[in-house]
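Q: Following this message is one structure expressed as structure tokens.
The values are calculated or read from the model by the stated rules, or taken from the named source; none is laboratory data. This is a predicted model, so every value here is computed, not measured. Glycine gets a Cβ as well: all are built from the backbone with ideal geometry, and neighbour counts include every protein chain shown.
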Amino acid sequence: MAYLPEERETVIRYDELDNCWHFETNVRRHITKIEKRIELYEILAEEFDERGNRIYIQAKMLEADVSPFAKPKRKISAEQKQALSERAKMRFKVSK
């Protein structure tokens with residue numbers, strides 16, 4: 001059975017002795033992010049619902065050089081944005 005919204009949480013802990021991050025979550029979007037890069041984690045515990053969907057995961061990040069902290073949003077001018085757009089169109093061959 002899935003967790004109720006008031007029961008859902010994500011806990012991220014850093015272990016300085018092991019130099020690694022530990023994640024414990026039952027929040028669907030956080031589980032999905034871990035699943036997309038599962039090779040970066042050692043799964044310590046997990047729980048599945050009756051349909052086989054993972055509803056809880058406890059994992060240890062294997063590469064501590066990856067930071068879980070949000071990066072500041074890039075501030076660029078309209079001209080820089082246009083230049084990046086043109087470069088991306090050329091690189092990925094996007095046509096209108």
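Q: Looking only at the range 41-96, filter to residues that are over 30 Å from His22 (Cα atoms) and β-branched (Val, Ile, Thr); which one of those is farthest from the chain's Cα centre (by Cα)? Give the derivation first.
A: In the first step, residues of the range 41-96 are kept if they are over 30 Å from His22 (Cα atoms); the result is 75-96.
Subset that is β-branched (Val, Ile, Thr): 76, 94.
On the way: Ile76: 25, Val94: 28 Å.
Ranking the candidates gives Val94 first.
Q: Out of the range 13-33, which residues are of a type outside the set (Phe, Trp, Tyr) and more than 17 Å from Ala2 (Cβ to Cβ)?
A: Arg13, Asp15, Glu16, Leu17, Asp18, Asn19, Cys20, His22, Lys33 - these are the residues of the range 13-33 that are of a type outside the set (Phe, Trp, Tyr) and more than 17 Å from Ala2 (Cβ to Cβ).
Q: Return the residues of the range 70-96 that are surrounded by 10 or more Cβ atoms within 10 Å (Cβ to Cβ) and either at positive phi or in a loop (DSSP other than H, G, I, E, B) (or both); say none if nothing qualifies.
A: Ile76 - this is the single residue of the range 70-96 that is surrounded by 10 or more Cβ atoms within 10 Å (Cβ to Cβ) and either at positive phi or in a loop (DSSP other than H, G, I, E, B) (or both).
Q: Here is a list of conditions, (1) at pLDDT 90 or above; (2) within 19 Å of Thr10 (Cβ to Cβ); (3) among the small types (Gly, Ala, Ser), and Ala83 meets all of them except one; can you say which number that is?
A: Every listed condition holds for Ala83 apart from (2).
Q: Right, another one. Say we look at the range 19-50 and pick out the residues that are surrounded by 12 or more Cβ atoms within 10 Å (Cβ to Cβ) and polar (S, T, N, Q); which of these is nearest to Glu63 (Cα to Cα)?
A: In this case the residue turns out to be Thr25.
Q: Which ranges mark the strands (runs of 3 or more DSSP E) fully within the range 12-69 that have 2 or more residues being in contact (Cβ under 8 Å) with a residue 40 or more places away in the chain?
A: Values: elements: 20-25, 41-48, 54-61.
The strands (runs of 3 or more DSSP E) meeting that bar are 20-25, 54-61.
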